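The values are calculated or read from the model by the stated rules, or taken from the named source; none is laboratory data. Source: prediction; values computed, not measured. In this analysis, Cβ positions are derived from the backbone assuming ideal geometry, glycine residues included, and neighbour counts consider all displayed protein chains.
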Amino acid sequence: MSIALKERDLYLADFVDLQKERETLDPTWLKELRKNAMQVFTRQGYPTLKDEHWRFTNVSPIARTDFTLAPLGQIDAGSLASLDFSDLGIPRMVFVNGRLAPEFCTGLDRLEGVRVLSLSQAIESGEPLLERYYGRCADYADHAFSALNLAFSSEGAFIHVAKGAVVEVPLHLLHIQTAAVDPYRVHPRTLLVSEESSEFTFLESFLGMGDNVYLCSPVTEAVVGDNSKIDHYRLQRESRQAFHMGVNQVQQGRDSSYVSCGIDLGATLTRNDLSCVLNGEGGWAGLNGLYLLNQKQHVDNFTTLRHGAAHCNSREMFKGILDDSARGIFRGRIIVDKGAQKTDSKQTNQNLLLSDNAFVNTKPQLEIYADDVKCTHGATIGQLDETALFYFRSRGIHQTAARSLLVYAFASEVLETLNVAPLKEALISYLTEWLPKGDLVRELYQK
């Protein structure tokens with residue numbers, strides 16, 4: 001790992017300014033966490049291609065860019081409404097360039113049994129669950145972007161789901177990055193704590209309003225209580241010149257369920273680190289993802305599913321559709337600890353190449369230290385089935401529409417895992433607009 005002296009000095013100067021700004025706001029424990037994280041980042045720097053976990057994703061464009069702290073962003077109701085996925089008709093918490101925009105937050109009072117605070121509100125009110133869990137799930141000791149986020153994040157969302165609460169309405173955390181002349185960086189953070197026997201669904205979306213350069217490095221920590229159920233969706237449609245470096249880390253209790261789905265549509269360079277640890281017996285984890293790429297977009301999904309207790313099940317399904325010179329990376333680790341007998345885990349990664357110049361590197365990985373388990377993994381990289389294309393053509397469907405219909409069918413398996421109807425409908429609309437003759441595809445598919 002490396003970081004240029006100039007960049008290190010810039011980050012340190014920004015960190016000193018942040019310390020002064022939050023001198024009376026941050027408790028002592030948080031100041032120490034920030035200080036430790038900053039020391040980790042300045043010592044280790046950004047990962048390089050020599051790092052085994054990053055050898056297919058080059059972040060030197062990030063290291064070479066002089067990012068400032070995010071400026072104040074200005075949006076109005078009209079510009080917000082014009083953004084795809086911004087209004088899904090569910091309770092919404094809006095952040096603009098990493099800062100809460102309370103005038104656009106709506107419907108939070110519909111979330112019965114849930115406390116939703118901005119991170120700054122939770123810090124300033126002395127929320128006791130913060131000290132217990134904040135920065136404890138997402139390991140920053142060997143992850144540059146997690147350390148950078150912990151050092152600088154002061155805004156985001158704190159969500160606490162009460163014991164026994166079954167929350168029927170999802171929550172939408174909407175992060176908007178505005179256009180700016182100079183490159184900037186933003187570090188949103190979310191902490192979710194669900195108590196025993198609760199159920200909750202939330203969506204995080206990251207949207208860019210311009211076509212500018214910026215770095216968005218969000219971190220989400222989730223503590224899933226015993227016998228509780230969490231559905232977590234993540235949608236990324238940043239600026240096509242942006243960098244998105246996301247970290248999601250989950251700790252699960254006994255008989256708990258955590259299901260996630262990440263959708264990547266934007267940014268020039270994306271890395272998603274997702275780690276889920278099944279700490280209690282009887283747990284269930286489902287990790288799903290879809291990346292839809294063209295031009296020179298690059299998406300890297302690095303997942304770790306750790307079975308730390310017996311009688312736990314997990315399923316993982318990631319699919320990629322790549323056109324032009326796009327590049328997709330998938331590395332999925334399933335780790336079964338010594339005492340995790342009766343584990344049942346399955347992992348699949350499937351990729352569809354629409355261009356001869358598109359590229360995919362996939363590496364499923366099993367690390368099994370127990371002897372009574374059922375674990376499988378598989379990966380495929382291919383092009384459209386010529387036999388299926390011929391079948392559609394023989395029934396009078398235009399070749400372009402036939403190709404798009406097959407692509408749509410390939411992606412729909414992931415979209416069907418979405419339990420938030422407005423989100424699913426919005427993504428179907430996006431996909432059909434992205435595909436040539438997509439209106440015909442939707443008409444044919446719905447028949």
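Got at least one residue in the stretch 384-401 being of a type outside the set (Val, Ile, Thr) and under 27 Å from the mean Cα position of the chain (by Cα)?
Just the residues of the stretch 384-401 that are of a type outside the set (Val, Ile, Thr), to begin with: 384-386, 388-396, 398-399, 401.
So of that shortlist, the ones also under 27 Å from the mean Cα position of the chain (by Cα) come out as none.
No; the residues of the stretch 384-401 include none that is of a type outside the set (Val, Ile, Thr) and under 27 Å from the mean Cα position of the chain (by Cα).
A quick yes/no check of all residues on (1) assigned by TED's automatic domain parsing to the domain that holds Gly45; (2) touching a Lys or Arg at 6+ places or on another chain (Cβ under 7 Å); (3) buried (at least 20 other Cβ atoms within 10 Å of the Cβ):
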residue	(1), (2), (3)
Cys105	yes, yes, no
Phe145	yes, no, yes
Leu148	yes, no, yes
Glu204	yes, yes, yes
Tyr214	yes, yes, yes
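Select from the stretch 355-403 the residues that are in a helix (DSSP H, G or I), of a type in the set (Ser, Thr, Tyr) and in contact (Cβ under 8 Å) with a residue 12 or more places away in the chain and list them in ascending order.
We begin by selecting, within the stretch 355-403, every residue in a helix (DSSP H, G or I); these are 386-394, 399-403.
Still in the list and also of a type in the set (Ser, Thr, Tyr): 387, 391, 394, 400.
Listed by number, the list holds a single entry, Thr400.
Among Ala162, Ala144, Ala157, which is the only one that is of a type in the set (Gly, Ala, Ser) and at pLDDT below 95?
Of Ala162, Ala144, Ala157, the one residue that is of a type in the set (Gly, Ala, Ser) and at pLDDT below 95 is Ala144.
When you scan the stretch 1-64 for helices (runs of 4 or more DSSP H) that lie fully inside it, which ones turn up with 2 or more residues that are among the small types (Gly, Ala, Ser) and either at pLDDT 90 or above or within 17 Å of Leu148 (Cα to Cα) (or both)? Don't jump to the end; show me each part of the working.
Numbers: elements: 5-21, 28-44, 60-63.
Of the helices (runs of 4 or more DSSP H) lying wholly inside the stretch 1-64, those with at least 2 residues that are among the small types (Gly, Ala, Ser) and either at pLDDT 90 or above or within 17 Å of Leu148 (Cα to Cα) (or both) span 60-63.
Here is a yes/no grid of residues against (1) within 21 Å of Ser412 (Cβ to Cβ); (2) part of a strand (DSSP E or B); (3) outside the structural domain of Tyr430 (by TED's automatic domain parsing); (4) not small (Gly, Ala, Ser):
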{"site": "Lys296", "(1), (2), (3), (4)": "no, no, yes, yes"}
{"site": "Asn301", "(1), (2), (3), (4)": "yes, yes, yes, yes"}
{"site": "Met317", "(1), (2), (3), (4)": "yes, yes, yes, yes"}
{"site": "Gly328", "(1), (2), (3), (4)": "yes, yes, yes, no"}
{"site": "Ser345", "(1), (2), (3), (4)": "no, yes, yes, no"}
{"site": "Asn349", "(1), (2), (3), (4)": "yes, yes, yes, yes"}
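Hey, which of the helices (runs of 4 or more DSSP H) in the stretch 72-151, taking only ones fully inside, have at least 3 residues that are under 23 Å from Phe200 (Cα atoms) and more than 20 Å from the chain's Cα centre (by Cα)?
Result: 119-124, 128-133.
Could you tell me which of the residues Ala421, Ala402 is at pLDDT below 90 and surrounded by 12 or more Cβ atoms within 10 Å (Cβ to Cβ)? Let's see the steps before the verdict.
Details: Ala421 fails: at pLDDT below 90.
Ala402 is the lone residue from the list that is at pLDDT below 90 and surrounded by 12 or more Cβ atoms within 10 Å (Cβ to Cβ).
Somewhere in the stretch 96-113, is a residue within 21 Å of Ile230 (Cβ to Cβ) and in contact with a helix residue (DSSP H, G or I) (Cβ under 7 Å, 6 or more places away or on another chain)?
Looking through the stretch 96-113, none of the residues is within 21 Å of Ile230 (Cβ to Cβ) and in contact with a helix residue (DSSP H, G or I) (Cβ under 7 Å, 6 or more places away or on another chain).
State all residues of the stretch 199-247 that are of a type in the set (D, E, K, R), within 21 Å of Pro183 (Cα to Cα) and at pLDDT 95 or above; if no residue qualifies, say none. Reasoning before the result, please.
Within the stretch 199-247, the subset of a type in the set (D, E, K, R) is 199, 204, 211, 221, 226, 229, 231, 234, 237-238, 240.
Checking which are within 21 Å of Pro183 (Cα to Cα) leaves us with 211, 237-238, 240.
Arg237, Glu238, Arg240, listed by residue number.
Note down all Cβ pairs under 6 Å where the first residue falls in the stretch 318-339 and is under 17 Å from Ser404 (Cβ atoms), the second is among the hydroxyl-bearing types (Ser, Thr, Tyr) and not in a strand (DSSP E or B), and they're at least six residues apart or on different chains.
From the stretch 318-339, the pairs are Asp323/Ser355; Asp324/Ser355.
Just checking: which of the strands (runs of 3 or more DSSP E) contained wholly in the stretch 225-293 hold 2 or more residues that are polar (S, T, N, Q)? Don't jump to the end; show me each part of the working.
Details: elements: 229-237, 243-252, 257-264, 269-278, 284-293.
In the stretch 225-293, 243-252, 257-264, 269-278 are the strands (runs of 3 or more DSSP E) which contain 2 or more residues that are polar (S, T, N, Q).
If the requirement is being farther than 17 Å from Gly320 by Cβ, of a type in the set (A, V, I, L, M) and buried (at least 16 other Cβ atoms within 10 Å of the Cβ), which of these qualifies: Val414, Val373? Full working, then the answer.
Values: Val414 fails: farther than 17 Å from Gly320 by Cβ.
The match here is Val373.
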